[in-house]
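Trainee: A single structure is presented below for examination.
The values are calculated or read from the model by the stated rules, or taken from the named source; none is laboratory data. Quantities reported herein were computed from a predicted structural model and do not represent experimental measurements. Cβ sites come from the backbone with ideal geometry, for glycine too, and all protein chains shown count toward neighbours. Surface accessibility is based on the protein's heavy atoms, side chains included, excluding ligands, DNA and RNA. Shrake-Rupley method; radii C 1.70, N 1.55, O 1.52, S 1.80 Å.
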Amino acid sequence: MNKKDIAAIRKQFKLDNDLLKIADIYKVYIRQESSEIYHEESQSFSLLDMEQQELFLTNFKKVLGGKLGVKLFEVKFKRPEEEQTDHTQQLLYESLHSKDVEEWKAAMQRIAEKMFEDVQYEKDVVITFIRGDYFKPTKRRSDEREVADRDEVYTTPFILCSMNQTVLPKRSLVFDFTEKEFRSPTMLDPVVNLTSPIGGFLFPCFTDNAADVNHILYAAGKANKPDYQFIENVLNGEEIMTADDDKAVFEEIVKSVVGDEMDTKTLAGVYDEIQRMLEVEDDEEVGESIPTLDTVEVTRVLKASGVEEVNSEKVERAFQQVIEDETYELKASHVVPSYTSKSIKIQTKVANIAISPQDLRYVRQVNVNGKRCLLIEVEEDTMIEGFTLLSEELLE
């Protein structure tokens, strides 16, 4: 899935929407101290009152919120071992198409049990599963024709899971109108925190308007902190790389090819070349492949940025040394600093400076009177706390 695919289904989680129909909802309450199912509840989603539906729909949108490679990860299923009967891909696929609600519930219950095998959570957790149908128009329509052409759609059944912790409300003073007195509430029921899911997934993934049952979209609770145990043991998925991982690998590959030292003009050129790849992606239609950096693209980017004595053999060796796989492809969006943060951080013992990638070319390291200094070229007066900085001539 790319970001447009995710955004398309995410915006459909709203009340009275004929492009996304949720049929069933199954909720499981897990007590922290026992790691066992304390309560379960299954019903038709339409039987929930309007307020509950709206709360859950908002929660499901949050599960699918965040950027790919940062909070959302497309995970490929491992091949099931011989005689394995609870492989998550199999459980999800069979229950996705089952008309028997009890069969679907039993499969979801087994997945919930896998989440708490050999794992202790800090608080009680509520696991919510839904299944329904996602309808997507075959092509973009004008607003006037949208309703009339809803019959021309791709229809894909899906299952979504959300994990949420519970919190106890703070003790407070209440006024009892019946007894006309102030008192403390005697019962404090745990509140399911639907505003901050701690994990979840969507099955199947959607690629070019088609279901991809060999991949599952995993949602982490925190940016760049996926639960690898969950991916491996619960989802039965293969290893993933985060955006931070890709960025670190790219930096090590470039260092292996050109060395640890690089001037700002060349570094800015590297980021400019990669940014151009992303701008081309934004101009493409939904379904186009995500720009990646393989050995060929990394070689091209370095050459275009002015790095000398770069060839494909050097880059291939660097891939092999750093990641032990010369066929690995880095996602271009993970490498550009503006993707994982809004600016590049220049760190020194004297001061830390944040600067946008496109302005990096205006920064140089120079020697003045035998001392290393950062020189930043500016086109206007520099303001510090409301004061205009006086210009000074450099003394050679």
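Trainee: Could you point to the label whose value was computed as Cα Rg over 2.2 N^0.38 Å for the structure here, given [x] 0.99; [y] 1.17; [z] 1.24?
Mentor: Identified label for the calculated read-out: [z].
Trainee: I've got another one for you. Using only Cα atoms, locate the centre of the range 359-382 and the centre of the range 82-121, then give the distance between them in Å, rounded to an integer.
Mentor: One Cα centre to the other: 60 Å.
Trainee: Right, something else. If I take every Cα pair under 8 Å that is 6 or more residues apart in the chain, average their sequence separation and divide by the length, what percent do I get for the relative contact order?
Mentor: Values: 617 pairs, mean separation 60.3, N = 396.
That works out to 15 percent.
Trainee: Which length gain, in nm to one decimal place, applies between residue 261 and residue 47 when the Cα-Cα distance is subtracted from 0.36 nm times their residue separation?
Mentor: Working: separation 214, 0.36 × 214 = 77.04 nm, distance 6.36 nm.
Extra length available between residue 261 and residue 47 comes to 70.7 nm.
Trainee: On to the next question. Round to a whole number: what % of the accessible area of the chain belongs to carbon and sulfur, probe 1.4 Å?
Mentor: Values: 11370 of 24050 Å².
Exposed carbon and sulfur together represent 47 percent of the surface.
Trainee: What does the helix-only formula give at 222 nm for the chain: each DSSP H stretch with n ≥ 4 adding -39500 (n - 2.57), the total divided by the residues, and the result rounded to the nearest 500 deg cm²/dmol? It would help to have the intermediate numbers written out before the result.
Mentor: Numbers: 10 runs with 112 residues, N = 396.
Computed mean residue ellipticity for the chain: -8500 deg cm²/dmol.
Trainee: Let me ask something else about it. Towards the positive end of the charge dipole of the chain, with charges on Cβ (+1 Lys, Arg; -1 Asp, Glu), say which of 307, 375, 386 has the farthest Cα.
Mentor: Of the candidates, 386 comes out farthest on the positive side.
Trainee: Have a look at 32, 6, 202 and report the one farthest towards the positive end of the charge dipole of the chain, computed about the Cα centre with Cβ charges (Lys/Arg +1, Asp/Glu -1).
Mentor: Among 32, 6, 202, the one farthest towards the positive end of the dipole of the chain is 32.
Trainee: Moving on. Over the Cα atoms of the range 1-145, Rg to Rh with Kirkwood Rh, two decimal places?
Mentor: Values: Rg = 17.1 Å, Rh = 17.4 Å.
When Rh is taken as the Kirkwood radius, the ratio is 0.98.
Trainee: What dipole magnitude, in Debye to the nearest 20, does the range 301-396 give about its Cα centre under +1 on Lys/Arg Cβ and -1 on Asp/Glu Cβ? Walk me through the intermediate numbers first.
Mentor: On the way: 11 positive and 17 negative charges, 65 e Å.
For the range 301-396, the charge dipole is close to 320 debye.
Trainee: On a 0 to 90° scale, report how tilted helix 312-323 is relative to the longest principal axis of the chain, with both axes built from alpha carbons and the result rounded to the nearest 10.
Mentor: Helix 312-323 sits roughly 50 degrees off the main axis of the chain.
Trainee: So what's the gap between the Cα centers of the range 153-225 and the range 18-41, to the nearest angstrom?
Mentor: What the calculation gives is 10 Å, centre to centre.
Trainee: Still on this structure, I have one more. About the Cα centre of the chain, how large is the charge dipole given +1 on each Lys and Arg Cβ and -1 on each Asp and Glu Cβ? Please answer in debye to the nearest 20.
Mentor: On the way: 49 positive and 78 negative charges, 194 e Å.
Charge dipole of the chain: 940 debye, to the nearest 20.
Trainee: Here's a follow-up. How big is the equivalent ellipsoid of the range 173-274 along its three axes, where each semi-axis is √(5λ) from the Cα gyration tensor, reported in whole Å from largest to smallest? Provide the component values of the computation, followed by the final result.
Mentor: Numbers: eigenvalues 475, 113, 38 Å².
The three semi-axes for the range 173-274 are 49, 24, 14 Å.
Trainee: Another question about this same structure. Quick one: accessible area per residue over the range 1-147, 1.4 Å probe, rounded to a whole number of Å²?
Mentor: Value for the range 1-147: 56 Å² per residue.
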